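Engineer: Handing you a structure now.
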Amino acid sequence: MTIRTLLTDVMWSGLKPLLPPQKPRTGRPSIDHRRFIEAVLWLARTGSPWRDLPTELMNWRTAWRRLQRWTQAGIWSRILTGLRAVAADAGWQVHMLDSTVIRAHACAAGARGSAGEQALGRSRGGFSTKLHLRADAHGRPVALHLTGGERHDLLGVAPLFEQAALRTGQRGRPRWKPVAVIADKAYSAAWLLDGLRRKRIVPIIPNRVDQPHNPEFDRATYRQRNLVERLVGKIKQFRRVATRYDKLAAHYLAFVQIAALMVWLRSFGDTT
């Protein structure tokens, strides 16, 4: 059986230094990290159940346990941060905000009550999760956050800006602030515009009729917002992202981050 893989040798050479050590301190050596990454990419791309994972890639139980460990350890977030750190241009000129509603499959319900809130709710689209995104000037993912599908876009702004601080290699605090922020009318709120101005961030946000006029809105710059919409389309090419099957929000977010790291790897120019 021939299985199509996604990682090229060039992609792997850039990704490998960001992964945990291959050999554990004790016990038998673990299965190669590249096989594991290809296994979770196969699951993300196809949206198949765990038990349908081809044994040529990896035993599904082994892959599930490693995904669980890496998710709990925050490894996916660290990989994305590492990819941003090695990028030639971190895209601080402008950041873009957007959100998209993800339809949840029936099997996404039923998490134990002790697990807490799992970012599921009822929206116009039905049983769903809302994915909030922050993208850089090149349309690459910078920060990701989940809420219930019925939650307003503005509720994702603070969590998105609490993430994604990046060290520049110089002394002092890591950089977190872009020059400008582009967002659509859903983000038109006086408190948000005032908060961005206090942080010396230019808000490129069209105003709603019930909100004060935004004199800093520039229509030519606003056209760049299509980059974040295209980013949504790129990560939704992974079927396990386009539809939520995972009961736990942390596991669904892990698959979103896996799709995001592929966007970063492809942005470096190796698409063979």
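The values are calculated or read from the model by the stated rules, or taken from the named source; none is laboratory data. Computed from a prediction, not measured in an experiment: that's the story for all the values here. Glycine also receives a Cβ, built like all others from the backbone with ideal geometry; neighbour counts cover every protein chain displayed. With ligands, DNA and RNA removed, areas are computed over all heavy atoms of the protein, side chains included. Shrake-Rupley method; radii C 1.70, N 1.55, O 1.52, S 1.80 Å.
Engineer: Given R₀ = 25 Å, FRET efficiency for residue 35-residue 163 by Cβ-Cβ distance, to 0.05?
Structural biologist: Details: r = 29 Å, r/R0 = 1.18.
Here the calculated transfer efficiency is 0.25.
Engineer: If you take the Cα atoms of the stretch 147-221, find Rg, then find the Kirkwood Rh from the mean of 1/r over all pairs, what is Rg/Rh?
Structural biologist: With Rh from the inverse mean 1/r over Cα pairs, Rg/Rh is 1.02.
Engineer: Can you give the FRET efficiency for residue 16 and residue 190, using 1/(1 + (r/R0)^6), R0 = 35 Å, r = Cβ-Cβ distance, to the nearest 0.05?
Structural biologist: It comes to 0.15.
Engineer: Report the semi-axes of the equivalent ellipsoid for the chain in whole Å, largest first, where each axis is √(5λ) for an eigenvalue λ of the Cα gyration tensor. List each step's numbers first, then the result.
Structural biologist: Numbers: eigenvalues 221, 104, 54 Å².
The three semi-axes for the chain are 33, 23, 16 Å.
Engineer: Using a 1.4 Å probe on the protein heavy atoms, what percent of the accessible area of the stretch 130-203 belongs to carbon and sulfur? Display every interim value, and only then the final one.
Structural biologist: On the way: 1810 of 3670 Å².
Looking at the stretch 130-203 in its full context, I get 49 percent from C and S.
Engineer: Write down the accessible area per residue of the chain in Å², having rolled a 1.4 Å probe over the full set of protein chains.
Structural biologist: With the other protein chains kept in place, the chain gives 53 Å² per residue.
Engineer: Using a 7 Å offset from Cα along Cα-Cβ at residue 124, what residues in the stretch 183-197 end up with backbone N under 20 Å from the label point?
Structural biologist: 183-189
Engineer: Roughly speaking, what is the stretch gain from residue 72 to residue 138, that is 0.36 nm per residue apart minus the C-alpha to C-alpha distance, in nm to one decimal?
Structural biologist: My answer for the length gained is 20.8 nm.
Engineer: Then there is this: Rounded to the nearest 500 deg cm²/dmol, what is the calculated helix-only ellipticity per residue at 222 nm for the chain, with -39500 (n - 2.57) per DSSP H run of length n ≥ 4?
Structural biologist: -10500 deg cm²/dmol
Engineer: Oh, and also: At most 10 other Cβ atoms within 10 Å plus a DSSP loop assignment makes a site exposed; report the longest stretch of the chain without any exposed trypsin sites (Lys or Arg not before Pro).
Structural biologist: On the way: sites that count: 4, 25, 112, 124, 171, 200.
Within the chain, the longest run free of exposed trypsin sites (Lys or Arg not before Pro) spans 26-111.
Engineer: What percent antiparallel are the DSSP beta bridges of the chain, to the nearest 5?
Structural biologist: So the antiparallel bridges in the chain amount to around 70 percent.
Engineer: Also, I was wondering about something else. Roll a 1.4 Å probe over the protein heavy atoms and report the accessible area of residue 168 in Å², nearest 10.
Structural biologist: 80
Engineer: How compact and how long is the stretch 132-260, expressed as Rg and Dmax of its alpha-carbon atoms in Å?
Structural biologist: Rg, Dmax (Cα atoms, Å): 15.7, 44.
Engineer: When 1/r is averaged over all different Cα pairs and the result inverted, which Kirkwood radius in Å belongs to the stretch 204-272?
Structural biologist: On the way: mean 1/r = 0.0679 Å⁻¹.
One over the average 1/r among Cα pairs gives 14.7 Å for the stretch 204-272.
Engineer: Could you derive backbone 3J(HN,Hα) for the stretch 188-194 from the dihedral phi with the Karplus parameters 6.51, -1.76 and 1.60 (θ = phi - 60°), listing whole Hz in sequence and x where the residue is Gly or Pro?
Structural biologist: With the stated coefficients, the stretch 188-194 comes to 7, 9, 4, 5, 6, 4, 5 Hz.
Engineer: Let me ask another. Quantify how much of the Cα-Cα distance distribution of the stretch 1-122 extends past 18 Å, in percent.
Structural biologist: Cα-Cα pairs of the stretch 1-122 separated by over 18 Å account for 67 percent.
Engineer: Still on this structure, please answer the following. Rg and Dmax of the stretch 35-89 over Cα atoms: what are they, in angstrom?
Structural biologist: Computed over the Cα atoms of the stretch 35-89, radius of gyration and Dmax are 13.1, 40 Å.
Engineer: Give me the tail of P(r) for the stretch 101-176 as a percent: Cα-Cα pairs with distance above 20 Å.
Structural biologist: Tail of P(r) above 20 Å: 45 percent of Cα pairs.
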